Every structure is written in structure tokens, then in C-alpha cells.
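Beneath this line is the structure, given in C-alpha cells, with notes to follow.
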Amino acid sequence: MLTPNASRYPEVYARWQRDPEGFWGEAAEAISWFKKPKTVFDPKAGVYGRWFPDGVMNTCYNAVDRHAEGGRGEQIAFAYDSPVTQSKRNITYKELQREVSAFGAILRDFGVEQGDRVIIYMPMIPEALVAMLACARIGAVHSVVFGGFAPKELATRLNDAKPKLLLTASCGIEVQRVIPYKPLLDAAIEMAESKPEAVILFQRPQAKAEMKKGWDWDWATLREQALAANKTSECVPLKATDPLYILYTSGTTGIPKGVVRDNGGHAVALKWSMENMYGIKEGEVWWTSSDIGWVVGHSYIVYAPLLHGCTSVVYEGKPVGTPDAGAFWRVASEHGAVALFTAPTAFRAIKKEDPEGKFVKQYDMSKFRTLFLAGERADPDTIKWSEKILGVPVIDHWWQTETAWTIVGNPMGLGQLPVKYGSPTVPMPGYDVQIVDDGGKPVEDSKMGNIVVKLPLPPGCFPTLWQNDGKFKESYLAEFPGYYKTADAGYKDADGYVYVLGRTDDIINVAGHRLSTGGMEEVLSSHADVAECAVIGVADQMKGEVPVGFVVLKAGVNKSHDTIEKELIALVREKIGPVAAFKCAMVIARLPKTRSGKIVRGTMKKIADKEPWNMPATIDDPTVLDEIKTALQGKGMAG
Ligand code: COA
Ligand code: AMP
């Protein structure tokens, strides 16, 4: 048994176990309510119960106005640092309040009411964050779509969310490459059945968009007019259970799932996490290097740091190439960040360019206390390397879009627990994490199984999918009654440390980005020459995993394989987007299947990853697996 040194974790977790409602009721004291909740949890409401059902509050009030008016007015709320445009901009809480209030009024002028949806398809610029907070202010439900997704993905989200308004910018910037957004946006609107009523577009000098009169509205002009007219909007009193946002995430098919976040539970949980999980004091400088298109960006670039009265660094750049592998240390030291939260991929990228960690020595990192990693499995080598070059604790933690905050982590605010490499450590209060077999029976310590969480999920976690309780129940609650299926597999050791080893569904994690191989298979199947296909995630030194596609052609196709492979790569880029990082397709004669016709993707992956594998007992024709190995070798894989 490990001695948990001076950590308060065991006592705090036990306190939550004894009295979950008392625990979360106390945590709720840390945020401002228009009407304090009398009921902490109603097990009868919603699908599995709802948190703070009679509480009334506003997330934007807690994130912005509360600080602007409560002594932090002159403190920087967002420190925007953009090496790709060589610009920086600090926005104080007071300034942020003015911007958000004015933008809320603009949204109102466009007829956006409480409960209406607004899609935000924007790069990492302060305007995007202002827009998110303005929606929260007036009770509109934002849905941010990551800029690396293709028009078809945006169209799917338009159809599901049915937004009144679409907010965008003229371009995103990927290191040196300027990506005009307007053509992507127009294509998506053209494709979508549900079209927004108008578009507000922020013109960036790197690529000006052409505007359609009466349909596209210029952001800067609207802003100037609103500020000149002293237009403001109030923080609308909302039920804690009202939706704050919808964030679409990859599901087991090409159709993404609309994860719904509520207001009250989310604010309570995120505020708690800043202090207790991350060990951050109010007012400190915090930096998450991610994108607002992902949950990490929602929770830890925008909402949590502001709810905690911190300064949040908003970084529009990469770990390498903007301009070099010292970029992270430059930003951390310049802004005085006490912590950085990013994906392990980012550190693998830095390690590749600067294996000795020479760059870090050029910067004053004296304020820097902790590095947090999440979004994908943090391999022990990367953690150890990061510890060595930074000389501070490196903390892996595991969570999902669905939960909005840590399921399993090492609570720095309660006192760090000993690190065991390969484990994100222990369940946070709120989460009763169990490992079960496929029949739902608990498995012994150190045995692999399905990772499930006993219901109810804690505050902050999703109460349902957007307008789809049925799919919510079917996808997450049906397989293990009384439990939430995380769709991750792993085990617990005798000290209660959880190890998260991989997904039980078709999701892969590419450079910290969650993608569905099923979605990619749908795209490959749509190619006129393809009879059948399989996509697997193959281990990659840099990105963790990369997708690799195998296709069998229809009879009589006599195009060159090389041409078809190139077409398939282009098709995935066109339909899903560059973020899929789909760069390897191979034409093969047949797919390896079981006698009942199931493609043995797991075995294919093991071959590609050069892992030991056993011939599946039910394989129809074992020689097909040799053909797969040969095909992989032809592409420089599988040894
Ligand atoms: N808009 C448009 N395109 C985008 C994009 C965006 N917002 N983000 C990424 N892309 C493009 C990239 O330019 C790249 O295009 P390419 O195929 O033409 O080169 C493609 O999508 C794949 O991107 P990515 O997988 O990120 O690879 P990369 O080589 O550009 O960058 C890293 C590698 C390590 C620098 C980058 O993946 C990174 O910073 N990862 C951290 C992940 C992260 O923040 N995750 C969030 C969860 S914590
Ligand atoms: P997302 O919803 O995009 O945040 O992706 C969630 C998925 O990423 C999880 O279900 C895991 O498969 C994986 N993941 C996230 N963090 C970790 C981690 N610390 N260790 C292992 N896997 C992780």
C-alpha cells in the first residue's frame, strides 16, 4: 500500500462517499446564485437525476461580472498571445464585461432569445471567447465547432443544433498556412437542411472574406455601433439545469453526439476542480494550450479559469514551429503562468525537436509549478522527459467530453499523491469508478475490464444528449444498468490507482483529437470503387495514434491502386477535415474476417503495432492476416 503522504485526498473522497449531497451543496457555496438551490440533487428529474434543480444563476455572471465588480476589474482576464499573427492583447475583467455585454446585445438584436442555439466556427481569437460568454449571458446555447473540421461535419451540426445564428471569422492560421473559413462555411450552409438566419463574421487581415449583403454581417462594425450606442445586455437568471452549451463529439458512427452541458452543476464542478484538482489560487495565471473547439478548451481556457478569477492565457500557436520548440516556455514565462494544461502529443512534438530540453533553459520558469496532461494516454516516457526538463510535477489526468472535468486525477490542491507512471491516479470525489467484465460483474484488482462510473454522475457531467434522451440511454446507460459506460478499458491496482488503456468502441485519439474510425469507414465506403473497408488506429510515436484505411475494390475496377489511395486520402480530408490526419490508405485483396463475417480489426491493429497477437479462433481464412502484414510492410509498417 502506498502512503498517501500529506494528501487530504482520502479524507475528502470519503467525505463525498458518506454524503454526496452535503459535499456538492458545500461546493455550490463557492458560486453566486440568484436563487440558492434548496435541493442539491433530484434523483427523479432527467434521465438519471439533476443537480441543483431549483437553483437560479448565470454562468457569465460568475465568470465575468462577479470579478469585474468584485475587485478584479483591472486584472487581466484573457491574455491573448498569437505567434501566428505576431500579436498580443490583454483584456481585463472590466473590458471583458463591456465586450461581452455589448455582444450579448448584438445577439439580441438578431433575435437570439434564451434557449436559441448559436454555432461558433472560429479560430483561437478573443472574439470567439467573447461570443461564448455572450451566449451564456443571455441564456443562448452555444455550440463551438472546431476549425479543422470540413463543411460536411459543420453541416451535420447545423442540422442537429438548428442554430439561429452562425458566428465565424474570415480565416484560421495554421503556422504559415492561412485557411479561409468563408468558403467552408458557405459550403456547409449550402449542404445543411437547417440554415441559420444570419452570419456574423470577424474579418482578419490575413484573408478577407467576401460578404453577402443582408446575410453576412461584419463583426467589427456591429461591435463599434453597439459600443458607441452604449448597448448592454443583462445576465439572465437561468435555471441551474438550463443548457449552457452543446459540444459535438465523435460517436460510434459518422454522426456526432451532441453532449449537453448545464449551467449550475458545471460552474460548481469546474470551480471546485480549479482549487482542488489543479491547486490553483484565485487570481493566478493559468494556461491551457488547446482549442475552444474541444472540451478541454471549453472547460479550461474559458470557463474554469474565469469562474476562479484567474488570468487565462489564450494561445493561438503550436508547441513547435511558432517559431520553435521553445514557444511554450516563452509563453509560460512571459505571462507568469503557474501551470500549463495540454495534450501529451504537444510534449512529444517538443521532445522530437529539442530532445535535450535546451530551449527551456532560456526562459525564467520560476513561477511555473505544474504541468497537466490529458486528452489521450500519457506515455511514461513523455511524462519522465517532461519532469526532467521542467523539474516540476507532471500530472496525467483522465476525462472525456461527456464529463467536462477530471474523472481520475492526482489532486494537487488536496496534496499530491505519489505518481505511478501509466496511471492518471485516483477517482475524484463524485466518481465511483469500477472495473467490470462484459456482463457487468466487478473484476479483481489488476484485471482489465470496462471502466464504468456508478450513477449519478457528478455535477458538470452531461445530463443527456441534445434532444435525444433515447440515444443517451442507449449509448451510455443501457449496457451496464445503473452505471455510465465510459467506453474506455483499463484496470485498478491494489492502491485504487486506475489505468486507462484504450477505447472499447471505434474511437481513436489522434494528436489528442477524438475521432471515429466508423465515420472514416463511412467516407471510404462512399468512394465509387470501394466494395468494403476497415479503418484502424495504428500507434504513432508523435500523435499517439493515426488512422490507417484498408479497402477492397469492387470487381472490375482497373484504376491504379496508387490513384485510388490518393483519392481516398483526399476524400477523408474533404468530408471529415484535415484534423482526421488520414494519410495512409491501402488497397488489399480481402479483409480478414471471422466465420460470422466480422472484420478482426483488433488483430489487424496488433499486427500494425508490432504487438504479439493470437490467431482469432473463429478466423475464416488465416492467410488473409499474412496479406495484411505484407500490405502494411509495403507502407513501411508492421516491421
Ligand atoms: N483549423 C484548420 N486545420 C487544422 C486545425 C484548425 N484549427 N487544427 C489542425 N488542423 C490541421 C493541421 O494543419 C494539419 O493539417 P495538414 O494535414 O495539412 O498538415 C491537420 O489538421 C492535422 O493536425 P494535427 O494532428 O494537429 O497535426 P499537426 O502536425 O498540425 O500538429 C501538433 C501537431 C502536435 C503540434 C498538434 O497536434 C498539437 O498541438 N496537438 C495538441 C493537441 C491538443 O491541443 N488537443 C486538444 C485536447 S487537450
Ligand atoms: P475527449 O472526449 O476528446 O476528451 O476524449 C476522451 C477520450 O480520450 C477518453 O475516453 C480516453 O479514451 C482518452 N483520454 C483522455 N485523457 C486520457 C488519459 N489521461 N489517459 C488515457 N486516455 C485518455
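General observations
- Residues within the stretch 10-34 that are under 19 Å from Gly496 (Cβ atoms) and of a type outside the set (D, E, K, R), tallied: 8
- Condition check for Leu477: open to solvent by less than 30 Å² (accessible area, probe 1.4 Å) and either touching a Gly at 6+ places or on another chain (Cβ under 6 Å) or on the phi < 0 side of the Ramachandran plot (or both): yes
- Gly415 being in a loop (DSSP other than H, G, I, E, B), away from ligand 2 (no atom under 16 Å from the Cβ) and either modelled with pLDDT of 95 or more or basic (Lys, Arg) (or both): yes
Every residue, every condition in (1) surrounded by 14 or more Cβ atoms within 10 Å (Cβ to Cβ); (2) closer than 29 Å to Val320 by Cβ, yes or no:
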{"site": "Gln176", "(1), (2)": "no, yes"}
{"site": "Asp186", "(1), (2)": "yes, no"}
{"site": "Ile189", "(1), (2)": "yes, no"}
{"site": "Pro196", "(1), (2)": "yes, no"}
{"site": "Ile200", "(1), (2)": "yes, no"}
{"site": "Glu210", "(1), (2)": "no, no"}
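- Test: residue in the stretch 352-373 that is in contact (Cβ under 8 Å) with a residue 40 or more places away in the chain, within 13 Å of ligand 1 (Cβ to nearest atom) and within 16 Å of the chain's Cα centre (by Cα): yes
- Those residues of the stretch 530-542 which are out of contact with any helix residue (DSSP H, G or I) (no Cβ under 6 Å at 6 or more places or on another chain) and within 15 Å of Gly502 (Cβ to Cβ), in sequence order: Gly537, Ala539, Asp540
Every residue, every condition in (1) at pLDDT 95 or above; (2) within 16 Å of ligand 1 (Cβ to nearest atom); (3) open to solvent by 20 Å² or more (accessible area, probe 1.4 Å), yes or no:
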residue: Gly214; (1), (2), (3): no, no, yes
residue: Thr221; (1), (2), (3): yes, no, yes
residue: Ala226; (1), (2), (3): yes, no, no
residue: Asn263; (1), (2), (3): yes, no, no
residue: Ile280; (1), (2), (3): yes, no, no
residue: Trp287; (1), (2), (3): yes, yes, no
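- Only one of Gly409, Gly309 that is open to solvent by less than 20 Å² (accessible area, probe 1.4 Å) and either under 16 Å from the mean Cα position of the chain (by Cα) or more than 16 Å from ligand 1 (Cβ to nearest atom) (or both): Gly309
- All positions within the stretch 487-501 that are away from ligand 1 (no atom under 16 Å from the Cβ), part of a strand (DSSP E or B) and closer than 16 Å to Thr425 by Cα: Ala489, Gly490, Tyr491, Lys492, Val498, Tyr499, Leu501
- Considering residues of the stretch 385-395 that are touching a helix residue (DSSP H, G or I) at 6+ places or on another chain (Cβ under 8 Å) and outside any strand (DSSP E or B) only, the residue farthest from Trp405 (Cα to Cα): Ile389
- Qualifying residues in the stretch 147-174 (those that are surrounded by fewer than 24 Cβ atoms within 10 Å (Cβ to Cβ) and either touching a Cys at 6+ places or on another chain (Cβ under 8 Å) or β-branched (Val, Ile, Thr) (or both)) - the one modelled with the lowest pLDDT: Thr156
- Scanning the stretch 526-543 for residues that are within 16 Å of Arg601 (Cα to Cα), more than 16 Å from ligand 2 (Cβ to nearest atom) and either among the polar types (S, T, N, Q) or open to solvent by 50 Å² or more (accessible area, probe 1.4 Å) (or both) turns up just one, Glu532.
- Residues of the stretch 217-276 that are free of Cβ contacts under 8 Å to residues at least 12 places away in the same chain and farther than 18 Å from Arg137 by Cβ: Thr221, Glu224, Gln225, Ala228.
- Strands (runs of 3 or more DSSP E) fully within the stretch 238-347 that include at least 1 residues being in contact with a Phe, Trp or Tyr (Cβ under 7 Å, 6 or more places away or on another chain), within 16 Å of ligand 2 (Cβ to nearest atom) and in the same structural domain as Asn410 (by TED's automatic domain parsing): 243-249, 257-262, 285-288.
- Among the residues of the stretch 349-384, the one identified as open to solvent by less than 20 Å² (accessible area, probe 1.4 Å), of a type in the set (Phe, Trp, Tyr) and not in a strand (DSSP E or B) is Phe368.
- Selected residue [closer than 15 Å to Ala631 by Cα and open to solvent by 60 Å² or more (accessible area, probe 1.4 Å)] from Arg573, Arg590: Arg590
- Those strands (runs of 3 or more DSSP E) of the stretch 75-146 in which 3 or more residues are surrounded by 24 or more Cβ atoms within 10 Å (Cβ to Cβ) and either of a type in the set (Asp, Glu) or not assigned by TED's automatic domain parsing to the domain that holds His266 (or both) are absent.
- Out of Gly297, Gly309, Gly279, Gly264, one residue alone is under 24 Å from Ile125 (Cα atoms) and in contact with a Gly (Cβ under 8 Å, 6 or more places away or on another chain). It is Gly309.
- Contact map, the stretch 177-192: residues that are in the same structural domain as Lys208 (by TED's automatic domain parsing) paired with residues that are open to solvent by 40 Å² or more (accessible area, probe 1.4 Å), Cβ distance under 6 Å, separation 6+ or inter-chain. Pairs shown: Val178/Gln206; Ile189/Lys195; Ala192/Asn159.
- If you check Leu465, Leu501, Leu455 for being closer than 30 Å to Glu26 by Cα, touching a residue at least 40 places away in the same chain (Cβ under 8 Å) and open to solvent by 20 Å² or more (accessible area, probe 1.4 Å), only one passes: Leu455.
The values are calculated or read from the model by the stated rules, or taken from the named source; none is laboratory data. Because the structure is predicted, anything quoted here is derived from the model rather than measured. Here Cβ is always computed from backbone atoms with ideal geometry, including for glycine, and neighbour counts include all displayed protein chains. Ligands, DNA and RNA are stripped out before the accessible areas are found, and what is left, the full protein with its side chains, is counted by its heavy atoms. Shrake-Rupley method; radii C 1.70, N 1.55, O 1.52, S 1.80 Å.
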